[in-house]
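A.B. asks: Can you read through this structure? Questions will come right after.
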């Protein structure tokens, strides 16, 4: 079960409202690589985990931590959309969404300046489960395959993309309170990248999974001519200079060979006649008999 503690995982109080940055911050909340994606991805990986208990416990630890990150970002976005309680100077009420409107600005002017209109129209000054352009978060962003090596490799990519976006956001704001929160998220993404890389190595050391993934598919069923061949499918041969083009394979099970001019091994594909019942354009004009087949079932 989950038990909520009323405090947030880390400070998430901006020094001043900023509806424009609130929109930008939505990306790392509800975007493809945002905290909602990793939160639900890790939780489903944990709920579905059949591996030894240390793996399930580790996955659930980080999945539950990400719930707190979602709360932090949603709270910070909501605060960026309101009048900050520490503002006392005359005219400060014009900052933020509500303050701008009360100060005489038209809501459409605030939106045109770069604010997410959903913050004014849909959520009433709160965070939404969407990215910085208002596109709704999608469950398609979740990866939970049942194969931990495949999932953990994806998790490294997710944490890398997430940290990249947070780093860019860090340079887009001068708000000390926001920077403090983003600094914390950057640190956690550093740890999580290391965590998943360590988990990948442990899976291999425990003999549970290895490269090529899935490792329990018999490699003798692969086409042995191509499983360790680098195919040069673009002009030039600069790719031959990389570690990927020659030498022992990374899984230690073969030697990589560079194929400079990979041949086409298939034949020209000439498709058969279309099924007349699908009303596609045929290769040749249909006969009366073929046309009759189109409605034969209905006549019966």
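A.B. asks: List pairs: first residue in the stretch 242-266 and more than 30 Å from residue 205 (Cα to Cα), second residue modelled with pLDDT of 95 or more and exposed (fewer than 12 other Cβ atoms within 10 Å of the Cβ) anywhere in the structure, Cβ distance under 7 angstrom, at least six positions apart or on different chains.
C.D. replies: Pairs found: 262/233.
A.B. asks: Does at least one position in the stretch 15-28 carry a residue that is under 17 Å from the mean Cα position of the chain (by Cα), at pLDDT 95 or above and either closer than 25 Å to residue 199 by Cα or surrounded by fewer than 19 Cβ atoms within 10 Å (Cβ to Cβ) (or both)?
C.D. replies: Looking for residues that are under 17 Å from the mean Cα position of the chain (by Cα), at pLDDT 95 or above and either closer than 25 Å to residue 199 by Cα or surrounded by fewer than 19 Cβ atoms within 10 Å (Cβ to Cβ) (or both), one finds at least one in the stretch 15-28, hence yes.
A.B. asks: Condition first: part of a loop (DSSP other than H, G, I, E, B), over 30 Å from the mean Cα position of the chain (by Cα) and within 27 Å of residue 155 (Cβ to Cβ). Can you find one or more residues in the stretch 236-252 that meet it? Steps first, please.
C.D. replies: So the first thing to find is which residues in the stretch 236-252 are part of a loop (DSSP other than H, G, I, E, B), and the list is 236-237, 242, 246, 249-252.
Now restrict to residues that are over 30 Å from the mean Cα position of the chain (by Cα): 236-237, 246, 252.
Going one step further and asking which of them are within 27 Å of residue 155 (Cβ to Cβ), we end up with 252.
Checked the stretch 236-252: at least one residue is part of a loop (DSSP other than H, G, I, E, B), over 30 Å from the mean Cα position of the chain (by Cα) and within 27 Å of residue 155 (Cβ to Cβ).
A.B. asks: Now for a different question. For the stretch 262-279, enumerate the residues that are at pLDDT below 85 and part of a loop (DSSP other than H, G, I, E, B). Walk me through it before giving the result.
C.D. replies: Residues of the stretch 262-279 that are at pLDDT below 85, as a first pass: 269, 273-279.
Of everything in the stretch 262-279, those that are at pLDDT below 85 and part of a loop (DSSP other than H, G, I, E, B) turn out to be 269, 273, 274, 275, 279.
The values are calculated or read from the model by the stated rules, or taken from the named source; none is laboratory data. Not measured: the values here are computed from a predicted model. We place every Cβ from the backbone using ideal geometry, glycine too, and count neighbours over all the protein chains shown.
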